[in-house]
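J.: Shown below is the structure under consideration.
The values are calculated or read from the model by the stated rules, or taken from the named source; none is laboratory data. Computed from a prediction, not measured in an experiment: that's the story for all the values here. All Cβ positions, glycine included, derive from the backbone under ideal geometry; neighbour counts span all protein chains shown.
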Amino acid sequence: MSNILNLKGVKFFAIIVLAVALLATFGIAAQQASADTVSLSSCPTLRQGSSGDCVMTLQAMLDGGLVSDGKFGPKTALAVSVFQAAHNLTADAVVGPMTKAALMGSVATGNFPAGCTSAAGYSSTTGVKCDTGPSTGLPAGCSTTAGYSPLTGAKCDSSVPATPSGPLAGGAGDITLTLRGTYSGEEVGEGEKNVKVLAVDVEADDDSDVELDSVKVEFFQATTADDRDLPDYASEVSVWLKGVKVGSADTSDFTESSNFFSKSINLDGAIVRAGDEDELVIAVSANSSLDSGDIDTDAWQVDIVSVRFTDASGVTTTESGSAAATAGAGTYGKLFDFASFATANDAELTLSLDDEEINDVHLLDSDDTDDTDHAITSVLFDASGDSDIWVDEVVATITTTGEANESLIVVSTWIEVDGVRISEKETVADAGAITYDDLDYTIDAGDEKEFIFWVTMQNVDGALDEGDTVQLTVTTASTVAEDEAGDTVTAAGSNPVGGVHLLYNDGFRLVGHSQVATAFSTDGVNNDRVELELIFDVFNYGDVTLYIPDGDTFTSTSTSSNVSAPSTTEEVGYHIQTSGTVTPPSAQVSAVLTESDSDLTLKTNSYELKSGKTGTFNLKVTISADENPSIDNVGFRALLTGLGWATSDVATAAVVYTADLGDYKTNYATIAD
């Protein structure tokens, strides 16, 4: 008996000596093996009997007199057990995620990374900042929010904790699978990675933690007219637990039987704690190029055939899902299909008119000697969906009046976005066709940009005459655009048509307005009235003094806002719009035009407005019920219909201004009973 005890004592002493030797060299070994950290993180779980380059890397990191022969034998197992015990890990000689993380110096002490006792400074063992890792909610293996964890595959900007690993607690255990409705009818776009198509809840009973060892998945394409070969559609199938990638397999490794493709995908670190319910997800990564003839009517189904797991007592069990090779989506099955990148990401480009201040009809200030630049059309390019859209070409047509063809008076045209020119200055063909090419402009997914179309117009001493017009129309369908995958995106929407702008060397623009609409009740019977005041600013942009005829003309009345412009002899014109069916007799309508600006000078027949000056007018329109009680309880508004100008003090205008008058109107005012 004593000899046996002594022999045991000798063996125990030898183990202790070896353990001390191993521990004494771990710090040096970890530093020497720093160059191998990345390769170890990509290795599978290692245990006694494993072999190959991953074992050689492990042995180099453990050192302690080990020979790096790539064979995981008893000495390597002992070295691993001693290392695990020293780092408060289960000393089972199995190199899983936690042991690998510890060897790579990324296991946190308390709430801080290895080598840190607080959030201040840097780790003495790994060099990472002590305010990263578990204390900031970053997944294991991440020191910043950029990229993916080399340990778990989780996105480093995810707040979802890594799947717990380590020893299993409890005894005999079981799991329950429940299909979730999280993903249904998903579209997997060309080149998209890890598109989730199926989810189940995995619930461990209260008696034991469980580790999911593998999941057998199955795929089937039901449309016989389309390709039914899974590798032609997808490159990889991955498995995720609680948002962390725990396993994957290439589709080329799947087994095919009567068009059913299946494989048991091994999992690593997929632990569900006793009493917990965690989400298990199947995801698909599509090939970067898919045959359009196959993805138009394809109908794929994905199913979980079985889940293999181990409980804390070491018993491995297979939980059955659906029967293999089912003709339809089984118990845990879901339908999905593959699609072009644009379709899957709802990539769409829509064109529409945008800024009214540019698109509304304007008088453009041309010049007698210099060519002039003008913004004439504003178009909104809306990139809806989840893909950036690259715009390379826009087609438009410029239409002019007054000359034989557009090229005689339009010198060039270009596009600006955010005040920056994105196209060359293009010349205009005789018929007005323009192609703005090589734009190379990207609109971010979900964003919209205003494209402003500019023209340079010839001077008046050339072919351009005062009163000529210019207009631009964009041909939406001819827009050349692509999504992130390089697929063509056909622009939607009607063709945006800008205003018909007039060109004058001398003239004015309306540059501001306000209005007052007031109802007055005098006797409640027949002496009530409304006063409608149109207040507007006139700017003389030309080089000569202009004269605006002094007077007003009631041009029309109706229930609509369709107005009749004044003639050259009708001075300042206005229209009355009624909210009911009763229109006021002309005898009940009166108006007076006044000015309240020192820049306006009343002459014999007109108001004088010098070059570069702005004058303010007030046109007060009064509607009275004195002699016509039938217009009581009716609302009225006044609209400016036009005003003229001349270059001398005359009563007859040379030109009548009717551009951009949509906002020059009062509110309604109602004559009371």
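J.: Here's a check for you: in the stretch 465-485, which residue that is in contact (Cβ under 8 Å) with a residue 24 or more places away in the chain and among the small types (Gly, Ala, Ser) is farthest from Ser288 (Cα to Cα)?
T.: Taking the candidates together, the pick is Gly467.
J.: Among the numbered criteria (1) under 25 Å from Val244 (Cβ atoms); (2) part of a helix (DSSP H, G or I); (3) modelled with pLDDT of 75 or more, which single criterion is violated by Ala85?
T.: Condition (1) is where Ala85 drops out.
J.: Sticking with this structure for a sec: Which of the residues that make up the stretch 375-405 are of a type in the set (Gly, Ala, Ser) and either within 14 Å of Thr475 (Cα to Cα) or modelled with pLDDT under 90 (or both)?
T.: If the condition is that a residue be of a type in the set (Gly, Ala, Ser) and either within 14 Å of Thr475 (Cα to Cα) or modelled with pLDDT under 90 (or both), then Ser378, Gly385, Ser387, Ala396, Gly402, Ala404 are the ones that fit.
J.: Under 20 Å from Asp226 (Cβ atoms) and in contact (Cβ under 8 Å) with a residue 40 or more places away in the chain: is that true of Asp291 in this structure? Before you say what the answer is, go through the steps one by one.
T.: Numbers: under 20 Å from Asp226 (Cβ atoms): yes; in contact (Cβ under 8 Å) with a residue 40 or more places away in the chain: yes.
Yes, satisfied.
J.: Limited to the stretch 527-547, what total is found for residues that are assigned to a loop (DSSP other than H, G, I, E, B) and acidic (Asp, Glu)?
T.: The number of residues fulfilling the criteria is 2.
J.: Can you give me the number of residues within the stretch 478-514 that are assigned to a loop (DSSP other than H, G, I, E, B) and either not β-branched (Val, Ile, Thr) or not assigned by TED's automatic domain parsing to the domain that holds Ala383 (or both)?
T.: Qualifying residue count, the stretch 478-514: 15.
J.: Please go through the stretch 387-424 and pick out each residue that is within 16 Å of Asp440 (Cβ to Cβ), not in a strand (DSSP E or B) and not small (Gly, Ala, Ser).
T.: Asp388, Asp418, Ile422, Glu424, listed by residue number.
J.: Something else: Please note which strands (runs of 3 or more DSSP E) are completely contained in the stretch 202-265 and include at least 2 residues that are closer than 24 Å to Ser313 by Cβ.
T.: Qualifying strands (runs of 3 or more DSSP E): 210-221, 244-250.
J.: Criterion first (closer than 29 Å to Glu192 by Cβ and not in a strand (DSSP E or B)) does Asp298 satisfy it? Can you show your working first?
T.: Numbers: closer than 29 Å to Glu192 by Cβ: yes; not in a strand (DSSP E or B): yes.
Taking the combined requirement at face value, the residue satisfies it.
J.: Condition first: in a helix (DSSP H, G or I) and of a type in the set (S, T, N, Q). Now tell me which residues in the stretch 624-673 satisfy that.
T.: Of everything in the stretch 624-673, just one residue is in a helix (DSSP H, G or I) and of a type in the set (S, T, N, Q), namely Ser630.
J.: Here's something else I'd like to know. Run down Val589, Val563 and say which single residue is within 29 Å of His374 (Cα to Cα), surrounded by 17 or more Cβ atoms within 10 Å (Cβ to Cβ) and either touching a strand residue (DSSP E or B) at 6+ places or on another chain (Cβ under 7 Å) or not assigned by TED's automatic domain parsing to the domain that holds Val634 (or both).
T.: When all the criteria are applied, what remains is Val563.
J.: Scanning for something under 50 Å from the mean Cα position of the chain (by Cα), of a type outside the set (Lys, Arg) and more than 30 Å from Ser521 (Cβ to Cβ), does the stretch 636-643 turn up at least one residue?
T.: Checked against the condition, which is being under 50 Å from the mean Cα position of the chain (by Cα), of a type outside the set (Lys, Arg) and more than 30 Å from Ser521 (Cβ to Cβ), the stretch 636-643 yields at least one hit.
J.: Test Thr99 against the stated conditions and say whether it is closer than 23 Å to Ala312 by Cβ, hydroxyl-bearing (Ser, Thr, Tyr) and outside any helix (DSSP H, G or I).
T.: no
J.: Yes or no: Ala429 surrounded by fewer than 17 Cβ atoms within 10 Å (Cβ to Cβ) and in contact with a helix residue (DSSP H, G or I) (Cβ under 7 Å, 6 or more places away or on another chain)?
T.: So Ala429 fits the description; yes.
J.: Ala396: buried (at least 23 other Cβ atoms within 10 Å of the Cβ) and of a type in the set (A, V, I, L, M), yes or no?
T.: Values: buried (at least 23 other Cβ atoms within 10 Å of the Cβ): yes; of a type in the set (A, V, I, L, M): yes.
When the stated conditions are applied, Ala396 passes them.
J.: Something else about it: Being surrounded by 17 or more Cβ atoms within 10 Å (Cβ to Cβ) and farther than 28 Å from Ala249 by Cβ narrows it down to one of Leu290, Leu363, Leu280, Leu267, so name that one.
T.: Leu363
J.: Could you list all residues from the stretch 461-514 that are under 30 Å from Asn540 (Cβ atoms) and within 33 Å of the chain's Cα centre (by Cα)?
T.: Gln471, Leu472, Val497, Gly498, Gly499
J.: Return yes or no: is Phe451 farther than 24 Å from Asp370 by Cβ and free of Cβ contacts under 8 Å to residues at least 40 places away in the same chain?
T.: When the stated conditions are applied, Phe451 does not pass them.
This table checks each residue for (1) among the basic types (Lys, Arg); (2) under 30 Å from Ala347 (Cα atoms); (3) modelled with pLDDT of 95 or more.
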site: Glu187; (1), (2), (3): no, yes, no
site: Val202; (1), (2), (3): no, no, yes
site: Asp213; (1), (2), (3): no, no, yes
site: Ala222; (1), (2), (3): no, yes, no
site: Val237; (1), (2), (3): no, yes, yes
site: Ser257; (1), (2), (3): no, no, no
site: Phe260; (1), (2), (3): no, no, no
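J.: Only one residue in Ile422, Ile443 is farther than 16 Å from Thr377 by Cα and either assigned by TED's automatic domain parsing to the domain that holds His374 or surrounded by 17 or more Cβ atoms within 10 Å (Cβ to Cβ) (or both). Which one?
T.: Exactly one residue qualifies, and that residue is Ile443.
J.: Taking the stretch 168-201 as the search range and keeping residues that are part of a strand (DSSP E or B) and of a type in the set (Ser, Thr, Tyr), which one is farthest from Thr297 (Cα to Cα)?
T.: So the residue we want is Thr176.
J.: What residue, of Glu531, Glu482, Glu570, is surrounded by 17 or more Cβ atoms within 10 Å (Cβ to Cβ), acidic (Asp, Glu) and farther than 30 Å from Val650 by Cα? Show your work before the answer.
T.: Numbers: Glu531 fails: farther than 30 Å from Val650 by Cα; Glu570 fails: farther than 30 Å from Val650 by Cα.
Of Glu531, Glu482, Glu570, the one residue that is surrounded by 17 or more Cβ atoms within 10 Å (Cβ to Cβ), acidic (Asp, Glu) and farther than 30 Å from Val650 by Cα is Glu482.
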